[in-house]
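First up is the structure itself, then whatever we jot down about it.
The values are calculated or read from the model by the stated rules, or taken from the named source; none is laboratory data. Note that the structure is predicted; figures quoted are calculated from it, not measured. Using ideal geometry, Cβ is built from the backbone for each residue, glycine included, and neighbour counts are taken over all protein chains shown. For the accessible areas, the whole protein counts, side chains as well, though only heavy atoms, and no ligand, DNA or RNA atoms are used. Shrake-Rupley method; radii C 1.70, N 1.55, O 1.52, S 1.80 Å.
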Amino acid sequence: MALVFIPFFLLFLTVRGQLQESVTVQCYSSAADCTSNTNGVSLAAINCCNRTGGGYISHPSLAAQCGACVVVGFDQSRVHIGPSDAGRRYLFTADVLLSTPGAPDVTCLDYTISREPAMLVDVADYLSSDFSGLTNGFLPERFSIRYVSQGNAVALQPTLSFDYWVTAETDLSYSPIPSGVVLVYRRLSITIDDIDIITVGLEPPSMVLEGSDAVAIIRRQVITYEAPFEVTVSLERYTGPLSRDEAAVGDFDLFNFTEQRSVVFQPTPVYKFYFHQRSEQVAFLMPQDNIVELQEVFIWRLSVNDSRVRLDPMKTTQLVRLCNQDAFYIGFKNLHVTIKEGDVATLTIKQIGDETGGMGIGGFPENRLRSVQLKHKSGSATNGADFSFNSTVPRFTYRANNTLNDIPLTPVTSFENNIIEENKTIRVIIIMSHGGYNLVQMPRNRQTATITIIDNDVGVLSLERGSYDVTENKGSVEICAVLTGGVLSTDTKITLQARDGTARFRSDYRTRGVRSVLPAFGNRTCGRFNIINDAISEQLFENFTVSIRWIFPENSGLTIDQTRSFIRIQDDDQAEVRFAMGQATFSEGGGNQSITVILGGAQLSQEQKIEVYIDDGTSNGVSLGFVTFGTRTVVFPVIDNNIALEPDKHYLLRLRNISNIVLGYPGTMNVTVEDDDVTQQLEEDVIVQCYSSAADCTSNTNGVSLAAIDCCNRTGGGYISHSSLNAVAQCGACIVVGFDQSRVHIGPSDAGRRYSFTADVLLSTPGAPDVTGLNYTISQEPRTLVDVADYLRTPVFSGQTDAFLPERFSLQYVSQGNGVALQPTLSFNYTIAAKTSSIHPPIPSAVVLVYRRLSITIEDIDTMSVRLQVCSFLVEGITAQVYIKRQKIDFLTPFEITLSYKKYQDLRSLNQAALGDFDNFNFLKQNVLFDSAQDKNVIVKPVPLMVPVDNIVELSEVFLIRISATSAHVKITGVTTQQLIVDSEDVFRIGIKDINISVMEGGTLVLTIQQIGDERGGEAIGGLPENKIQPIVLRHEGGNATRGGLQSDFSFNPTVPKLTYSVNNTLNDITFTPITSIDDNIIEGNETIRVIIVPGGGSNDPNDHNVQVELQWQTATITIIDNDYGVLSLERGTYDVIENEGSVEICAVLTGGVLSTDTVITLQTEDNTAVWNSDYSTREMHSILKAFGSRTCGRFNIMNDAVKEELYQNFKVEIVNVNPQNSAVAIDKNQSIIRIRDDD
C-alpha cells in the first residue's frame, strides 16, 4: 500500500469547495444529474473537469452537494530539469485552466502560490534564480526559475523535487468562492537533477590467458560524488566479424555466459578525494578446455544501477581476446634407433599428451597446423659422407577423436662405405618450421633422437713384405704398411719400430722408429729407415727387424698384424791398397827415402799388415817393411858409394799379404837411383872442406865444412878439398858455373809469363884460370817431361850440347789450363857441365867447377776448388749429411779433405749452449779422400754426421765444423769454419696424474701434473736451465657446471706453479688447487668440469717449446657430486571449495632445496564422487615452478551447475610429472582431496 502525504492545509481546502486534482469524485455531466445523483461516475477531479462540456462534481467535502468544476493551476504540470538544460530559464503561468460552462468567474479571487516543501536545502546548487511563491495574487500570475549553468564539481547529489500550488484565499477578509463551484487545483511538479555527471567505462583489456584470471577494469570519472553506485560486468557471446586468426568463444569452451561480476563505487569524503581509488576491477576465471584452438573473442558488457551515472558509450562494451594456452605436445616415439651400414632409419613422431583440436570441436583447423621439420644436430657421423638426410616431415592430421595421428618417416639412409671406423651416431631434433602459430611443442626429453650406425667393416694392417734387402751404401730402406679389407676415413699415424738383430742401432742403422701417415682412404704408407754407410768392411749380411708398434687414433675395427719384417743389410765396403806414386827418382847422395802406401776405400774391421818388398827376381825379394791402416810409409834405403860416373840403378817395388784387399793402381812402383859422384865437378850443395887459400887447402889448415857454393862465396874466394877430386890435384880453386837463377817456382798466378835464363861463369876465386872457353853441355833433367805442353808453351828448351858461355834461353808458362786439375807438379832441373872427353879441352888443373843448377817447379795451372755444404741447423737423433763439393773438373792426383769438429768457446746468446761432455758427441776428425780413379765422376761426397740423442732437454747447442785440405793444389772456397746449431728433440712429456676426479659440493679439488717420460734437464748435466722450463696454463674447457655469474657452481684459479727439477734432474710433480666448488643448495644433479693443460708462452724461439702435454693425459674431468635433494609435494591434504566460487587453487611446494631452472609440474585429477566435466572442468594443470622458487599453484575450475546434489562431493589431485626430470627430486605421490560444497 502506498502512503500519500497530503499537507493539512490542502485537506482543509477540500472542506471549502477546493479539491486537489487527484481526489476521486463522483462526476456528472449536468447539474441535474448531479443533484439527482444520476449517471455519475467515479473519476479523478481533474478528469471530471476535462469531460466534454465540463463536469459537475459531488464530493462529501463540499458544502453543497454539487458544484460546477473550475480548474485553477499552472500551464505545465510536470517539469524535469537535467544537465542538458544548463542555464535554461523556465516561465510558468498560474491561471484558470478550464471551467464548466455556466460556472462563475473566479479570477477575481485572491490567490496564494506556495512551494512544498517550503525550504529547499542548497537550492543554489540547482537554480541560479528562484521563485518561492507569493500571497494575494490575481490570476493570471506569471513567474520564472533558471537552472544553473555549471555544476559545483560534486556529482550524485540528491535529485531536487518540489511542487508549486495555487489556492484561493478563504479568510473572511477575502472574497469567498462562489457557491456551486468546485475549484480543482492542478499543481506544478518540478524535478531538478544534479548538473554534475559522473561517467564510468570499461578499460580495454590486455590479452587473457586460458586457465588464468581475466581482470576487467572499470574506471570512473575523476570527480567528487556523494552517493554509492554499483556497476556490473557480464559476459556475452561475440557475433560480429572475425579475422582469419580468430574464433568466437563457443559451446566447447566451458564458458558460463550467465556469469556476472559486480562492484560498488563508494563515495569518498572531500578531504580524501585525491587518495581515492579511481577504478575498480572484477575477475573472471577463464576455463582451460584442453583444446588447441585459435585466439577466441567474447564481450564484456558494463551496466550501472543508478541513472545518474552515465556509461561511456565508447567503453560500455569491450572485446576480449582469449589466448589459447593449450598446445599439442609431440616427440619421438623411440629416442634410440640402431641400424647397420646401408640401412634406412625409421622414426615416428607421435603426440605425447591428450590435447585435442579440429574445427568440429571449435579447435584449431587441421590445414593450419604448423608443420615441423627435422634438423641434423650433431653426432660423429657426417652428413653426405656417412648418410643422406631428409629433413621433410609430413603435415599433422587429426584422428577421429581429434588427437594427432602418428607420423612415421625415414629421414636417414646410411651408406655402405667400406670404411673401417667406429660405430657412428646421428642426433636429429624436431624443430618448428617458420611461420604460423606455435601450437606444437616438443618436450626437451622427447625432442632428440639418436641413431647409431653399426659399422661392419673390418681391416688388417700389416707390413707389405716379410723381408727387405738393402745395400749399405743406399742410405735407407723403405718399409711399407698396407691395409686390407677396408679403408680408414681419417689420416692415421702408424708407428714402425725397429729391433736389433745382428745389425745394431746407431752402428748399422740410425732410425729407431718411423711415424708414417696412412692418408684417409689410402691403403699403403711407407717410411724410411736410414742405413749407416760406415766404410767398415764387415760380414756380408747383417739384419734387424721392423714391426708395427701402434697406430693413432686407435680403431677397434682394425687388426694390427704383429708379424715382423727382416731387413738385411749387405756390406759394400771393400778396402784398397796401392802405391801413392807409380815411379820415383832418387839421387845417390840424397839419403834414405820414404815410400808411401795408400790404404783406402773402407776401414778394416780388424788390423792387417801389408808387406812392401823389392822384386829382385828371387822368390822372396827384399822386404822394406809393413804398413797398416795407421802406418802408411816404409823406408827405401839409398847408399852413396862415392863412385862417380856410375849408371842409374833401377828397382821394382811390390806389395804382398793383401789378402782380400783390392790392389789398386798403381800396384807397383819403379824407383830409380842416380849416381851423383863427379870429378873436379861438384854440385852446389855438396859438402866440402873449404879453405881461404891454396896453401891452407894443401896443408889442410883452417878448413871448414861448407856447401860447395858457400865455399865459393867466401870473401876472396875459396879453395875446395873433396874426395871426388882427381888424384892429380887434391885442392882446387872454386869457380861457380851455372845459371843466373837457382830456383824458379811457377804457379797459376804466373799464367803466360816468359822466363829468361843465362848460363855463365858466376863466380871465380881470384887467380883461377878462365873456364869460359870450355865446351859445356846444358841438360834438362829428367830429359823427357810428360805432357810438358800442359805447363809450358812449346817448343820447350830441352838443353844444348857444345854450349859456350854465356848461353841464353827462355821458357814461357801457359796462359790457361787444360781443364784437368791436380796434375803432378812438374819439377825439373837445368844443369850445366863441362865436357871432359878426350876431344874436348880438359878442365884446368887445380880448379873445381861448382855447378849451380836451375831448379824449376811448375804447378798445374788448374786448381781444384772445394767447399763445404752443411745445414746450419741440426736435430738430435738424426744422421745429418755434411757435403764436400769439389769443382767439376778432371783431376789426376788423389786429394784428401779433413773435417774437424771443435767445441764452441765464445758463446754469447742466453738461449744457446755449447755442445759438451754430456751430449755423446764424437769430436774426432773425419778424412775424406777424392780418388782420381774411383771418384772421377763424383762431384759431391756426403759425410755422415751423427747427432746423438741424449734424452736431456736442453737449449740449442752450438759446435764448429772446419774444412781443410792436405794439398796445396786444392783451394777451399767459402767459409772454412762454420757454426752448427743442434736443436734438442727431447722435451719434457707431462700430463695430469688423475684425469677423472670427483669432489663433493663445497669441496676443493686437488690436481697433480706429473712427468710422463724419463727426460732430464738442468745445467749440471748441460741441460735446460730451470728458469727456462716452459710454463703450463690451465684452461676451463667445458662441462655442464657454470662458471661465473650469480649462479656459479665453482671458482676457478688457472694459475699453475712453475715446473722444477728433482735431485735426479727429472721434473717434480706439481700439486695445486685450481677449483673450489660452491655449495649452492640447488638440486641439480652431478655436474662436470673439463679442464685441460697446455704449454704457455707465446715465443717463436724453439728453445721455449720444451714441454709437451701428452694427449691422453691432457684433459681432466672433474665431477661435482651434488648432495642436495628435495621433495615435491602438494601443499595441503584437503581443499574445500563452494560450488559457486568457480575454481580452487592447488599448490605444490618444494622442500629441501631449490631448482636452478623453471620446472613444469603437471597436476592431474582423478574422479571420486565428483566427476570431470560434470562437477569440475579441469583435467590436468601445467604449472611452472620458477627457478629458485619453492611454491607454484594452479587453478582447477569448479562447475556451478544449478543442480541440487549431495552436500559434499570430492575428487583427487596428484603430481604426475615434472619436466625436466631430476633424479634428486622425489615426488610425493600422496593425493590431495578437493571437497566441493553444493550451494544449490
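Counting the residues of the range 762-780 that are at negative phi, loosely packed, with under 15 Cβ neighbours inside 10 Å and touching a strand residue (DSSP E or B) at 6+ places or on another chain (Cβ under 9 Å) gives 4. Screening 185, 174 for residues that are outside the structural domain of residue 314 (by the TED database) and either assigned to a loop (DSSP other than H, G, I, E, B) or among the polar types (S, T, N, Q) (or both) leaves exactly one candidate, 174. The residue list 1145, 1084 contains one member that is of a type in the set (D, E, K, R) and either crowded, with 19+ Cβ neighbours inside 10 Å or in a helix (DSSP H, G or I) (or both), which is 1084.
Take the conditions assigned to a loop (DSSP other than H, G, I, E, B), open to solvent by less than 30 Å² (accessible area, probe 1.4 Å) and either touching a residue at least 60 places away in the same chain (Cβ under 8 Å) or not assigned by the TED database to the domain that holds residue 505 (or both) and apply them to residue 861. Does it pass?
Yes, satisfied.
The single condition among (1) in contact with a helix residue (DSSP H, G or I) (Cβ under 7 Å, 6 or more places away or on another chain); (2) within 30 Å of residue 54 (Cα to Cα) that residue 143 does not meet is (1).
Taking the range 80-160 and the strands (runs of 3 or more DSSP E) fully enclosed by it, the elements with 2 or more residues that are over 28 Å from residue 184 (Cα atoms) and open to solvent by less than 80 Å² (accessible area, probe 1.4 Å) are at 127-129.
Among the candidates 832, 878, the residue that is of a type in the set (Val, Ile, Thr) and not assigned by the TED database to the domain that holds residue 975 is uniquely 832. Considering the range 565-597, and only residues there that are assigned to a strand (DSSP E or B) and either of a type in the set (D, E, K, R) or modelled with pLDDT under 75 (or both), the residue that is surrounded by the most Cβ atoms within 10 Å (Cβ to Cβ) turns out to be 578. Of the residues that make up the range 768-776, is at least one outside the structural domain of residue 930 (by the TED database), in a strand (DSSP E or B) and polar (S, T, N, Q)? Within the range 768-776, none of the residues are outside the structural domain of residue 930 (by the TED database), in a strand (DSSP E or B) and polar (S, T, N, Q).
Per-residue answers, yes or no, for (1) under 45 Å from the mean Cα position of the chain (by Cα); (2) part of a strand (DSSP E or B):
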site: 867; (1), (2): no, yes
site: 897; (1), (2): no, yes
site: 923; (1), (2): no, no
site: 949; (1), (2): yes, no
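Take the conditions (1) of a type in the set (S, T, N, Q); (2) at pLDDT below 85; (3) not in a loop (DSSP other than H, G, I, E, B); residue 823 misses just one of them, which is (3). Scanning the range 975-990 for residues that are of a type in the set (S, T, N, Q) and either open to solvent by less than 20 Å² (accessible area, probe 1.4 Å) or not in a loop (DSSP other than H, G, I, E, B) (or both) returns 977, 978, 979.
Counting residues in the range 1182-1192 that are touching a residue at least 60 places away in the same chain (Cβ under 8 Å), among the hydroxyl-bearing types (Ser, Thr, Tyr), surrounded by fewer than 17 Cβ atoms within 10 Å (Cβ to Cβ) and part of a loop (DSSP other than H, G, I, E, B) gives zero.
Looking at (1) farther than 18 Å from residue 744 by Cβ; (2) open to solvent by less than 40 Å² (accessible area, probe 1.4 Å); (3) part of a strand (DSSP E or B), which is the only condition residue 844 fails? The number of the failed condition is (3).
Restricted to the range 865-897, and to residues there that are touching a Lys or Arg at 6+ places or on another chain (Cβ under 6 Å) and hydrophobic (A, V, I, L, M, F, W, C), the residue that is nearest to residue 711 (Cα to Cα) is 866. Can you spot a residue in the range 561-572 that is more than 30 Å from residue 418 (Cα to Cα) and of a type in the set (Ser, Thr, Tyr)? No; the residues of the range 561-572 include none that is more than 30 Å from residue 418 (Cα to Cα) and of a type in the set (Ser, Thr, Tyr). In the range 739-761, what count of residues is obtained for those that are open to solvent by 20 Å² or more (accessible area, probe 1.4 Å) and farther than 21 Å from residue 790 by Cα? Result for the range 739-761: 6.
No other residue among 1081, 1106, 1123, 1068 is over 30 Å from residue 287 (Cα atoms), in contact with a strand residue (DSSP E or B) (Cβ under 8 Å, 6 or more places away or on another chain), of a type outside the set (Lys, Arg) and free of Cβ contacts under 8 Å to residues at least 24 places away in the same chain apart from 1068.
Output the number of residues of the range 501-558 satisfying the condition of being polar (S, T, N, Q), in a loop (DSSP other than H, G, I, E, B) and closer than 15 Å to residue 879 by Cβ.
The qualifying residues number 3.
Restricting attention to the range 1199-1217, the residues that are open to solvent by less than 10 Å² (accessible area, probe 1.4 Å) and either under 14 Å from residue 1135 (Cα atoms) or among the acidic types (Asp, Glu) (or both) total 2.
Hey, among the residues in the range 519-560 that are among the polar types (S, T, N, Q) and over 45 Å from the mean Cα position of the chain (by Cα), which one's surrounded by the fewest Cβ atoms within 10 Å (Cβ to Cβ)? Taking the candidates together, the pick is 539. Within the range 216-247, being small (Gly, Ala, Ser) and touching a strand residue (DSSP E or B) at 6+ places or on another chain (Cβ under 6 Å) holds for 216, 234, 247.
Being acidic (Asp, Glu), in contact (Cβ under 8 Å) with a residue 60 or more places away in the chain and open to solvent by less than 60 Å² (accessible area, probe 1.4 Å) is a property that holds for residue 306.
Counting only strands (runs of 3 or more DSSP E) that sit completely within the range 279-387, those holding 1 or more residues that are closer than 26 Å to residue 1162 by Cβ correspond to 279-285, 295-304, 317-323, 328-332, 336-340, 344-351, 372-378.
For the range 654-693, what are the residues that are more than 30 Å from residue 735 (Cβ to Cβ), open to solvent by less than 60 Å² (accessible area, probe 1.4 Å) and either in a loop (DSSP other than H, G, I, E, B) or at pLDDT below 80 (or both)? Selection gives 658, 661, 664, 666, 667, 668.
The single condition from (1) open to solvent by 20 Å² or more (accessible area, probe 1.4 Å); (2) assigned to a loop (DSSP other than H, G, I, E, B) that residue 215 fails is (2). Taken together, 397, 348, 413, 356 contain a single residue that is surrounded by fewer than 16 Cβ atoms within 10 Å (Cβ to Cβ), within 30 Å of residue 1181 (Cβ to Cβ), hydroxyl-bearing (Ser, Thr, Tyr) and in contact with a Phe, Trp or Tyr (Cβ under 9 Å, 6 or more places away or on another chain), which is 348.
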